[in-house]
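To start, the structure itself, in structure tokens.
The values are calculated or read from the model by the stated rules, or taken from the named source; none is laboratory data. Source: prediction; values computed, not measured. Heads up, the Cβs are rebuilt from the backbone with ideal geometry, glycines too, and the neighbour counts pull from every protein chain shown. Quick note on the areas: whole protein, heavy atoms, side chains included, nothing else; ligands and nucleic acids left out. Shrake-Rupley method; radii C 1.70, N 1.55, O 1.52, S 1.80 Å.
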Amino acid sequence: LEAKEEFSHKTLAMDVMRPRRSDPPLSVLTQDSLTVEDVETLIAETTYSGFPVVVSHESQRLVDLIISIENARMRQDGIVSTSRIFFTEYMPPQPPESPAPLKLRGIMDLSPFTVTDHTAMEIVVDIFRKLGLRQCLVTHNGRLLGIITKKDILKHMAQMANRDPDSILFN
Ligand code: ADP
């Protein structure tokens with residue numbers, strides 16, 4: 001009999017999260033420097049259903065996760081492509097000629113669930129099941145590193161079941 005792989009190697013959040021090492025970096029939104037056009041371009045160029053919102057690309061500390069940016073096409077007066085988007089509560093006074101800003105704080109998940117990259121996938125799966133999560137962010141030393149969606153979890157579970165058909169851990 002073969003030794004069961006789980007005993008020698010525990011799958012960690014970092015093994016399941018996206019992006020993979022060879023992938024382009026996580027697609028994030030900065031909280032107060034993007035225009036409507038910037039975000040529309042990002043939506044057009046990617047297929048993701050959500051984007052974490054960060055303070056800035058430099059600090060990339062986690063702020064929030066948008067559940068669905070596409071549902072957020074709110075009709076607000078005077079919004080144009082060059083309108084600045086704010087995910088922040090506070091909005092600094094805009095220069096007089098600038099177009100109306102678009103406030104999108106209302107569409108964000110204000111407390112996205114987070115695990116560290118070293119969290120065992122058994123625990124991550126358990127959290128997804130118990131809390132009914134749709135996605136979860138992965139951090140390392142407080143910095144945002146990646147994302148795990150419910151579908152990523154389901155794929156991971158299918159892989160584990162293939163590897164070890166006797167395992168009822170994830171059923
Ligand atoms: P689903 O997993 O339900 O298809 P998405 O379409 O949002 O949901 O994600 C597709 C894949 O891309 C998943 O493997 C997910 O981990 C990854 N992903 C999701 N959001 C992002 C993002 N903002 N940046 C990079 N990868 C992402």
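Are there any pairs, at least 6 apart or on different chains, whose C-beta atoms fall under 8 Å, with the first in the stretch 14-26 and under 18 Å from Ala120 (Cβ atoms) and near the ligand (Cβ under 9 Å from one of its atoms) and the second open to solvent by 60 Å² or more (accessible area, probe 1.4 Å) and outside any loop (DSSP other than H, G, I, E, B), and if so, which?
These pairs meet every condition: Met17/Leu145.
Please find, within the stretch 57-91, the residue that is farthest from Thr139 (Cα to Cα) out of those that are modelled with pLDDT of 80 or more and open to solvent by 50 Å² or more (accessible area, probe 1.4 Å).
Thr82
Within the stretch 95-110, which residues are away from the ligand (no atom under 16 Å from the Cβ) and either in a helix (DSSP H, G or I) or closer than 19 Å to Met17 by Cβ (or both)?
Arg105, Gly106 - these are the residues of the stretch 95-110 that are away from the ligand (no atom under 16 Å from the Cβ) and either in a helix (DSSP H, G or I) or closer than 19 Å to Met17 by Cβ (or both).
Do you know which residues across the stretch 130-150 are open to solvent by 50 Å² or more (accessible area, probe 1.4 Å), in contact (Cβ under 8 Å) with a residue 60 or more places away in the chain and within 10 Å of the ligand (Cβ to nearest atom)?
Correct list: Arg134 only.
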